[in-house]
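Reading through the structure tokens given below for one structure.
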Amino acid sequence: MLQGNRMEQKSWVWRRARLTLLAGFIVATISGFVTSEAPAQSGPPARLDLDQWDVAWTDVLKRYVDARGRVDFSGLAKDRAGLDEVVKYIAAVDPLSSPGRFATPNARMAYYLNAYNALAMYGVLDAGVPKRFGWIDRTRFFVLRKFTIGGRAVSLYRLENSVIRPLGDPRVHFALNCMSVSCPRLPQSAFTARGLDQELDAAAREFVAEKRNVDVDDSRREIRISEIFKFYTKDFLAKAPTLQSYINQYRLSPVPADYKIVFNDYDWSINDQVRN
């Protein structure tokens with residue numbers, strides 16, 4: 001009996017040691033992925049005012065984003081001065097650091113949507129335009145990587161989940177773009193404070209009209225929908241009793257309420273014009 005207890009104790013100690021080593025390896029691996037802030041995010045205060053910044057971001061979008069929302073990262077890498085200026089403004093200014101520049105809730109929301117998309121584009125370019133985001137890559141890019149926003153270090157994960165989602169409008173999920181293939185189409189112009197409600201409605205209608213995002217299969221009595229609706233179910237159900245009813249607010253042809261919902265797998269490939 002004593003010998004058995006000793007063997008069991010040794011086995012437990014060995015398992016604990018292995019778990020400790022494994023945990024240390026994971027932490028060390030992930031820590032190695034932390035990316036320092038890029039030089040373009042530091043330096044003197046931004047020279048642009050808010051209207052000029054909107055114009056500058058729109059210029060980047062018009063030049064390097066096509067009608068399908070794909071980004072010309074190759075062209076952008078050769079002429080990134082405009083994007084660097086946009087990111088420099090984000091580093092210096094936001095609704096918390098400069099509240100006087102953002103007079104309305106729509107002004108704040110439009111800014112955060114534009115900032116998220118610009119920083120995601122900048123981050124992909126800065127990372128050398130990977131082919132796709134694997135699981136560890138996503139942790140690195142969205143959680144561990146910090147960007148400067150209004151003088152504070154903030155991850156894209158925190159920007160989305162602690163700043164943008166609490167604004168309480170699920171339509172933001174049709175506007176935020178992480179530069180992946182399954183994201184909503186990246187627009188070719190900035191979101192604006194004056195037209196934001198119409199712009200978000202248009203983004204929602206466009207998203208649910210695309211077969212890749214909402215596809216009705218009558219033979220199977222199924223609705224195959226984007227995994228975005230799975231990721232943020234809570235947000236959508238805060239505005240409608242079911243996902244079908246939320247989707248139908250923006251569909252010309254309503255989806256059947258009694259069909260089974262199936263979520264499409266999310267494609268984390270980078271939405272690069274060269275590859276897609």
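The values are calculated or read from the model by the stated rules, or taken from the named source; none is laboratory data. These figures come from a predicted structure and were not determined experimentally. Ideal geometry is used to build each Cβ from the backbone, glycine not excepted, and the neighbour counts take in all protein chains shown.
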- Task: Can you tell me which residue within the stretch 233-244, out of those that are farther than 22 Å from Gln198 by Cβ and touching a residue at least 12 places away in the same chain (Cβ under 8 Å), is surrounded by the fewest Cβ atoms within 10 Å (Cβ to Cβ)?
- Result: Thr242
- Could you grab the pairs with beta carbons closer than 7 Å, sequence gap of 6+ or different chains, first residue in the stretch 124-139 and over 18 Å from Ser155 (Cα atoms), second one modelled with pLDDT of 95 or more and in a loop (DSSP other than H, G, I, E, B)? Arg132/Trp268
- Message: among the charged types (D, E, K, R) and either assigned by TED's automatic domain parsing to the domain that holds Ile247 or under 14 Å from the mean Cα position of the chain (by Cα) (or both): which single residue out of Arg194, Arg171 fits that description?
- Response: Arg171
- Would it be correct to say that Arg185 is surrounded by 15 or more Cβ atoms within 10 Å (Cβ to Cβ) and of a type in the set (Lys, Arg)? yes
- Task: Taking Lys146 as meeting all but one of (1) in contact with a strand residue (DSSP E or B) (Cβ under 6 Å, 6 or more places away or on another chain); (2) surrounded by fewer than 17 Cβ atoms within 10 Å (Cβ to Cβ); (3) of a type in the set (D, E, K, R), write down the number of the exception.
- Result: (2)
- Taking the stretch 52-108 and the residues there that are in a loop (DSSP other than H, G, I, E, B) and of a type in the set (Gly, Ala, Ser), the one that is farthest from Leu119 (Cα to Cα) would be Ala103
- Task: Could you tell me whether Val255 is part of a loop (DSSP other than H, G, I, E, B) and at pLDDT below 95?
- Result: no
- Under 7 Å between Cβ atoms, at least 6 apart or on separate chains: pull out the pairs that start in the stretch 96-120 with a residue that is farther than 22 Å from Leu76 by Cα and end on any residue that is hydroxyl-bearing (Ser, Thr, Tyr) and surrounded by fewer than 20 Cβ atoms within 10 Å (Cβ to Cβ). Ala110/Thr192
- Task: Considering only the stretch 75-95, state which residues are closer than 17 Å to Arg152 by Cα and without any contact (Cβ under 8 Å) to a residue 12 or more places away in the chain.
- Result: none
- Note on the structure: When every residue in the stretch 246-276 that is under 17 Å from Ala209 (Cβ atoms) and of a type in the set (Ser, Thr, Tyr) is compared, the one surrounded by the fewest Cβ atoms within 10 Å (Cβ to Cβ) is Ser253
- Would you pick out the residues in the stretch 200-220 that are touching a residue at least 24 places away in the same chain (Cβ under 8 Å) and in a helix (DSSP H, G or I)? Leu200, Asp201, Ala203, Ala204, Arg205, Glu206, Phe207, Val208, Ala209
- Return a yes/no flag: does the stretch 130-138 have any residue that is in a loop (DSSP other than H, G, I, E, B), touching a helix residue (DSSP H, G or I) at 6+ places or on another chain (Cβ under 8 Å) and either under 23 Å from Ser180 (Cβ atoms) or not polar (S, T, N, Q) (or both). yes
